[in-house]
Amino acid sequence: MTAPVLDVQGLTVRLPARADRVNAVENVSFAVTPGEIVCVVGESGSGKSVTAHAVMGLLPARQLTVAAGRILLEGDDLLTKTPAEMRHIRGARIGMIFQEPMTALNPVMRVGDQIAEVLDIHTKLSERERRQRVLDVMASVHLPEPERMIDVYPHQLSGGQRQRIMIAAALVLDPVLLIADEPTTALDVATQAQILKLMKELRERRNTGVLFITHDFGVVAEIAHRVVVMQHGRVVEQGATQDVLRRPRDEYTRTLIRAVPSLSPPARASVADAPVVLETKHLMMTYKAGGFFEKRREVKAANDVNLCVRRGEMLGVVGESGSGKSTVARCIARLIVPSDGAILIEGADVAKLGTRALRPHRKRVQIVFQDPYRSLNPRRSVGDAITEGPVNFGMNAGEAVARARNLMRLVGLDPDALARFPHQFSGGQRQRICIARALAMDPEILVADEPVSALDVSVQAQVLELIDDVRKRFNLAVLFITHDLRVAAQVCDRIVVMHKGEVVEEGTTAAVFAAPQHAYTKALFDSAPGRNFEFGKFDQE
Amino acid sequence: MLTFILKRALSTIPVMGVVALTVFLLLRLSPGDPASVIAGDYATAEQIAKIRTQLGLDQPIFIQFAHWLGDLMRGDLGVSIFSNLPVTTLIGQRIEPTLMLALTTIVFSVVVAVPLGVLAAWKAHTWVDRAVMVFAVVGFSVPVFVMGYFLIYGFALGLHWFPVQGYRSPFSEPGQFVSHITLPTLALSAIYIALIARITRASVLEVLEEDYIRTARAKGQAEIKVLLRHALGNAAVPIVTVIGLGVAFLIGGVVVTESVFNIPGLGRLVVDAILKRDYPIIQGLILFFSFLYIALNLVIDIAYTVLDPRIRY
Amino acid sequence: MTESAGAPAEIGATLFGHWRPLAARYPFVVVAAIIILVFVLAAAFAPLLWTTEPLALNPLQRLKPPSALNWFGSDQFGRDVWTRTVYGTRVSLIVGIAVAVLSISIGLFVGMLAGYIRLLDGIVMRVMDGVMAIPGVLLAIALVSLSGASLVTVIIAITVPEIPRVVRLVRAVVLTVREEPYVEAAIAAGTRLPQILIRHVLPNCVPALIVQATYVCASAMLTEAILSFLGAGTPPEIPSWGNMMAEGRAFFPIAPRIILFPGAALALMILAVNVLGDGLRDRLDPKLARRV
């Protein structure tokens, strides 16, 4: 085996006093050899990002300090370097890219200058040579028309293009090590697939060692040579990708891998005979942009959308960001007024009803949102949140509280916690509270707008189970909005795929997953990371 | 770009309209009768009636407003009751000291405050930062005339470094101008420096949390360049905004400072007019200062497009 | 993050419950609060603080330097500067608190309406922009000089230019909060608009408004002093700090203390209120703390 470019030995990073544990990272050891992609995988709080930042020498001063260990870059201990020496290493010998390409680039600087900045810092090239180097590296990450793109500002580029700029800046000096901190998490699946492909290609061509931080086992299966699994700041298991994914030795690794939803839908009882509860007909939502001086533009966020959901059925609405799936959800919950079309709730059209006429229909449709941290008013107790709706509709307070207690038990929380405030709960618990709040209204339709995408994979599985459970228990019609094909495959009876405001494909989950018809759906399925890998089927079992 | 400037310029029209209407109503609807106020305590009923006719106060309020607005459009701010000179002429005579004082203050404040704010952000939560912030909150709290008198007490009466009061034109006596304008500038700058230093510190600190700062560090950029090139560049918009909004404080401060240091500028003009109830002057100067403020903030709005490419034009 | 989201009850506990850690963490704020308390007590018990009659003239005691009889000396009419400085506290506090309460209440009402009713928003905000464009001190001077000097006029005159900033603040909070998922969830649960405003929007305005109230209070005390100093403020017979300084101007070269004592009191009071405001802002409204 060749000598590793990066060798982390017994790394321990101390948290500030009064944190919930002593060390952010404890006794972590792993290595990256040239041309190898090592994925560090773990849930939030596992210490994977801290590890990456420690290698880079970018730990926030005064908050996190390295207490023990060595970080060897080509045999050279980075922890003994002065800040000035580290500056010479960063950008030149180690490149780094980050999660949010939207915010990782300086918005007031031309992208070419941001790549050239690296050359500025580390080399003494002339203006002309520098420009040429920038153009070359932009071409090598497959940015179209580098000559034109070199002078644009970040906001003029798409998310994928920005991430390519980041990669170009990280690789312009041919570093021996590239650290990628969740580089595709903020991107759409299709873009993610392209960026992953690019990273594989660059590693091959330049023989760079890659330290890849991720929470997504699909990405791991797609790209990693070796995997390091972290939990609570410790490495629980590491090894070659196939070994770890197929023959995990550690119980936590097994739980994590098992929690990855499979892309093959399980068999589901048919609800085709149940009555239709919710139906949209030619639903349209158009936004007008532009003002007095600019030309008026129309954005069709939802265009001629026809859906129907039966009692006890879970309908998945799948699409990328900007596909219009959330717009449809918000129209159905009547948080916005659709421009045209009908929304039939048990036959009654609520699309254009005014505030007063809408009121009786309000309780029939309830919604659960994506962000558990913003879905509950931080200044009101959980009990107030759950009882608010029933009390609005005339239930007396005592009865409402009794009901809230029952619902808390139902969603798996302590009924005595009603007096507590949202910040005392974790993300998954908050999402349970939001589900309880929706159920308190005794609705017929539950709209779940990306309810698990902000949650860790193990929590995600539990919340999905809860949603499916309440669907069965209350015979609810559920409209399940998601961008995640894996999640859709597991919980939905039927699926509609949306693209640019339009429904491009519709069918039972089993049928759509087995044989997608529309070109867009096919492309979407092809981009799903780890699609060729069946998670949770371990060899020993 | 041109349409953007035009658009922004047009958008100030309703604001100026509101200002004009407010100033008009302010003086017409206030409980005191302007005519009898102007006529003085010993005026006869005829004298008051005469002044009322003279000012057009006997006409319906809409007609008064229309007349007044028409005059305003032609750049006519009315005539002083006591000196019988047009208000525009008076403004022309008195504008130089005020303009000079405002300019020296703005330049001095920005030159001192921005580096102070950046320094405080860079050394955040250290004694350097705390010292700058204590200085800023003190500067924000000591009233400009108290500051003026303390300065006179120390540097003019005590040390005799500067004259106690007065003004000299920079065009005829540059040396004297400097020694006369120093203390007023210092007194007036305190609040402005405090304001700008605080916003600079806050904006730079906020920008330092951004992901692209981490990116710059990951490139191996030196801390000082991260601060000046990336952080300050992105903090420029809020800083410039506050410089513009701070002009409102500045205008109030100029009026007081000119009184303390006996500078014959617009501030003294307005104070004298108030004491004499010369109300066309009061009205004219309030309008003048408001329009100046609106114009300045318009220029700053346009400057944003240079500072931040994301702002569309 | 989670700390800032604390319930009002909790904030109350940390603000008033544990004095020692508070004093250790925010020494300036605690000192400022004590200074304000001293001023408030001085205002309340002015007659008991070895003062004489604030308006009592004493022609034999004109322009005397500080002594056992006149701690801060006497002015050109032989009035005791200590007495007048103590009584001046009353004027400053009354004006500061009245203006803060008035402008916050009016601003809150107008701001909520503007933030929630699209139709009103455009008009209200144009008017606020217009009022903001008029330099506050000049507007107040004009209002007082035209309506005749009295404490009530002064309070109203200072309140008017303070309102737009409160309106803008409240409107900004309303516009952010109304987009929050928890407000949308409340709408979906059939909560009516007035309840949404009271239950969800108002509590989110309160921290920012408490902070703003202290700043308005400081600014109002400052403006009152400026108005009085320029001769367009509280009537001259009321012993306000601004009036004292205005009257002392002619004698500044020979008796600077007539100006310096009330000037220092004014500066100290405003400083203390501003520091308290900064402390409250750091505690109650960390997001705002990072903005300014």
- prompt: Restricting the search to segment A:100-121, which residues are buried (at least 20 other Cβ atoms within 10 Å of the Cβ), part of a helix (DSSP H, G or I) and either touching a residue at least 24 places away in the same chain (Cβ under 8 Å) or outside the structural domain of A:Gly159 (by TED's automatic domain parsing) (or both)?
  reply: A:Val111, A:Gly112, A:Gln114, A:Ile115, A:Glu117, A:Val118, A:Leu119
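Name the residues in segment C:140-170 that are at the interface with chain B (Cβ under 7 Å from one of its Cβ atoms) and of a type in the set (A, V, I, L, M), would you?
If the condition is that a residue be at the interface with chain B (Cβ under 7 Å from one of its Cβ atoms) and of a type in the set (A, V, I, L, M), then C:Ile141, C:Ala142, C:Leu143, C:Leu146 are the ones that fit.
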- request: Only strands (runs of 3 or more DSSP E) wholly contained in segment A:252-342 count here; list those with 2 or more residues that are over 21 Å from A:His518 (Cβ atoms) and not hydrophobic (A, V, I, L, M, F, W, C).
  value: A:276-289, A:297-310
message: Out of C:Gly88, C:Gly115, I need the residue that is more than 20 Å from B:Ala248 (Cα to Cα) and within 14 Å of chain B (Cβ to nearest Cβ). Which one?
response: C:Gly88
message: For segment C:172-203: of the residues being in contact with a Leu (Cβ under 9 Å, 6 or more places away or on another chain) and more than 8 Å from chain A (Cβ to nearest Cβ), which is nearest to C:Ile97 (Cα to Cα)?
response: C:Leu202
query: Could you count how many residues in segment A:43-85 are assigned to a strand (DSSP E or B), without any contact (Cβ under 8 Å) to a residue 60 or more places away in the chain and more than 30 Å from A:Gly427 (Cα to Cα)?
result: 4
- prompt: Can you tell me which residue in segment C:84-126 is surrounded by the most Cβ atoms within 10 Å (Cβ to Cβ), limited to those that are over 30 Å from C:Thr234 (Cα atoms) and among the basic types (Lys, Arg)?
  reply: C:Arg126
- prompt: Do we have A:Ala461 as under 16 Å from the mean Cα position of the chain (by Cα), modelled with pLDDT of 90 or more, closer than 24 Å to A:Val189 by Cα and part of a helix (DSSP H, G or I) here?
  reply: no
query: Pick from segment A:66-107 the residues that are among the β-branched types (Val, Ile, Thr) and within 27 Å of the chain's Cα centre (by Cα): which of them is nearest to the other protein chains (Cβ to nearest Cβ)?
result: A:Thr103
message: Take the residues in segment B:236-261 that are of a type in the set (A, V, I, L, M, F, W, C), more than 10 Å from every other protein chain (Cβ to nearest Cβ) and assigned to a helix (DSSP H, G or I); name whichever of them is surrounded by the fewest Cβ atoms within 10 Å (Cβ to Cβ).
response: B:Val240
message: Please determine whether any residue of segment A:89-99 is assigned to a loop (DSSP other than H, G, I, E, B), at pLDDT 90 or above and more than 16 Å from A:Leu58 (Cβ to Cβ).
response: no
task: Residue by residue through segment A:349-379, note down the ones that are within 9 Å of chain C (Cβ to nearest Cβ), within 23 Å of A:Asn475 (Cα to Cα) and not in a helix (DSSP H, G or I).
output: A:Lys363, A:Val365, A:Gln366, A:Ile367, A:Val368, A:Phe369, A:Gln370
message: Return the residues of segment B:153-186 that are within 12 Å of chain C (Cβ to nearest Cβ), assigned to a helix (DSSP H, G or I) and not hydroxyl-bearing (Ser, Thr, Tyr); say none if nothing qualifies.
response: B:Gly154, B:Ala156, B:Leu157, B:Gly158
task: Among the numbered conditions (1) within 31 Å of the chain's Cα centre (by Cα); (2) surrounded by 20 or more Cβ atoms within 10 Å (Cβ to Cβ); (3) closer than 30 Å to B:Ala235 by Cβ, tell me where A:Gln63 comes up short.
output: (2)
field: Sole exception among (1) touching a Leu at 6+ places or on another chain (Cβ under 6 Å); (2) assigned to a helix (DSSP H, G or I) for C:Ser228, by number
entry: (1)
message: Please verify whether A:Ala454 is assigned to a helix (DSSP H, G or I) and within 29 Å of A:Leu256 (Cβ to Cβ), treating the condition exactly as stated.
response: no
task: Answer with yes or no whether A:Glu43 is charged (D, E, K, R), under 27 Å from the mean Cα position of the chain (by Cα), within 24 Å of A:Gly239 (Cβ to Cβ) and more than 14 Å from every other protein chain (Cβ to nearest Cβ).
output: yes
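To keep it simple, each residue is scored yes or no on (1) assigned to a helix (DSSP H, G or I); (2) modelled with pLDDT under 80; (3) of a type in the set (Asp, Glu).
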site: B:Val19; (1), (2), (3): yes, no, no
site: B:Val23; (1), (2), (3): yes, no, no
site: B:Arg52; (1), (2), (3): yes, yes, no
site: B:Gln59; (1), (2), (3): no, yes, no
site: B:Gln64; (1), (2), (3): yes, yes, no
site: B:Gly75; (1), (2), (3): no, yes, no
query: Of all the helices (runs of 4 or more DSSP H) wholly in segment A:480-541, which have at least 2 residues that are closer than 27 Å to A:Ser339 by Cβ?
result: A:519-527
- prompt: Of all the residues that make up segment C:248-278, how many are surrounded by fewer than 22 Cβ atoms within 10 Å (Cβ to Cβ) and not hydrophobic (A, V, I, L, M, F, W, C)?
  reply: 4
statement: Taking segment A:401-428 and keeping only residues that are within 13 Å of another protein chain (Cβ to nearest Cβ), part of a helix (DSSP H, G or I) and farther than 18 Å from A:Gly389 by Cα, one is left with A:His423, A:Gln424, A:Gly427
- prompt: Out of A:Ser339, A:Ser323, A:Ser381, which single residue is small (Gly, Ala, Ser), crowded, with 22+ Cβ neighbours inside 10 Å and either in contact with a Phe, Trp or Tyr (Cβ under 7 Å, 6 or more places away or on another chain) or within 30 Å of A:Thr280 (Cα to Cα) (or both)?
  reply: A:Ser323
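The values are calculated or read from the model by the stated rules, or taken from the named source; none is laboratory data. No experiment lies behind these values; they were computed from the predicted model shown. Note: ideal-geometry Cβ built from the backbone for every residue, glycine included; neighbour counts use all protein chains shown.
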